[in-house]
Amino acid sequence: MRGMATIGVYGFDAESFLRRLRHADVRLLLDVRQRRSVRGPEYAWANSLRLQAALAQAWIAYAHHPELAPTTELRRLQYAEDDRHGVGKRSRQQLAAEYTRRYRMEILDRVDLTPIVSALPSGGTAALLCVERDAEACHRSLIAQRLAEQHRVTIEHLGPM
């Protein structure tokens with residue numbers, strides 16, 4: 001069985017993020033964000049070009065997988081549910097049931113994950129990247145679940161240490 005991790009941006013600074021990746025022996029970061037930027041100066045390090053430069057210095061490969069990113073419409077659906085429950089994106093603890101159903105149907109059911117599994121490093125591991133701190137509050141958990149179910153990939157969710 002092959003292993004894979006997931007990681008979010010929130011809760012990290014650049015140094016602690018890279019340290020967490022190294023601790024988990026991540027050799028390939030798979031960015032599954034549609035917009036590869038994060039609002040707020042404390043997360044400027046996670047904007048695509050800066051992140052890619054930092055990863056290159058740490059000898060961690062980078063790949064963007066926009067086909068796994070939720071559409072703008074799906075993100076708006078989740079934001080509306082967040083508003084209904086009075087939670088912000090940074091404090092969300094779980095995904096809305098309708099968002100989950102539609103993401104699986106509209107995104108995951110249409111994407112072949114075999115090339116991702118085939119590209120997993122033979123040494124070390126790969127990690128799915130998005131922004132939410134908790135995997136359960138992010139679509140990366142749905143990708144990870146599909147990888148585990150259909151490709152027997154073991155999953156570890158990485159958070160700040």
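Quick note: the coordinates plus some simple rules give every number you see, no bench work behind them. It should be emphasised that the depicted structure is a prediction, and the values quoted were computed from it without experimental measurement. As a convention, Cβ positions derive from the backbone with ideal geometry for all residues, glycine included, and neighbour counts pool all protein chains shown.
Observations on the structure shown:
- Long-range HN-HN contacts of TYR62 with modeled amide H, under 5 Å: LEU29
- As a proxy for reagent exposure, MET4, MET105 were ordered by neighbouring Cβ count within 10 angstrom, fewest first; the result is MET105, MET4.
- Calculated on C-alpha atoms, the gyration radius of the stretch 1-53 divided by its Kirkwood radius gives an Rg/Rh of 0.96.
- Principal semi-axes of the equivalent ellipsoid, √(5λ) from the alpha carbon gyration tensor of the stretch 45-104, are 29, 15, 9 Å from largest down.
- Applied to the stretch 4-13, the Karplus parametrisation 6.51 cos²θ - 1.76 cosθ + 1.60 on θ = phi - 60° returns per-residue 3J(HN,Hα) values of 8, 10, 10, 8, x, 8, 4, x, 10, 10 Hz, with x for Gly and Pro.
- Restricting the calculation to Cα atoms, the chain yields a radius of gyration followed by a Dmax of 14.9, 44 Å.
- Built amide H within the under 5 Å cut-off of GLU156, gap 5+: MET4, ALA5, THR6
- Only the Cβ atoms of Lys and Arg (+1) and of Asp and Glu (-1) were treated as charged; on that basis the dipole of the chain about its Cα centre amounts to roughly 160 debye.
- With N counted as the residues of the stretch 86-161, its alpha-carbon radius of gyration over 2.2 N^0.38 Å works out to 1.17.
- Simple rule: put +1 on each Lys or Arg Cβ and -1 on each Asp or Glu Cβ in the stretch 4-91, find the dipole, and look at ASN47, LEU74, GLN34; the Cα lying farthest toward the positive end is ASN47.
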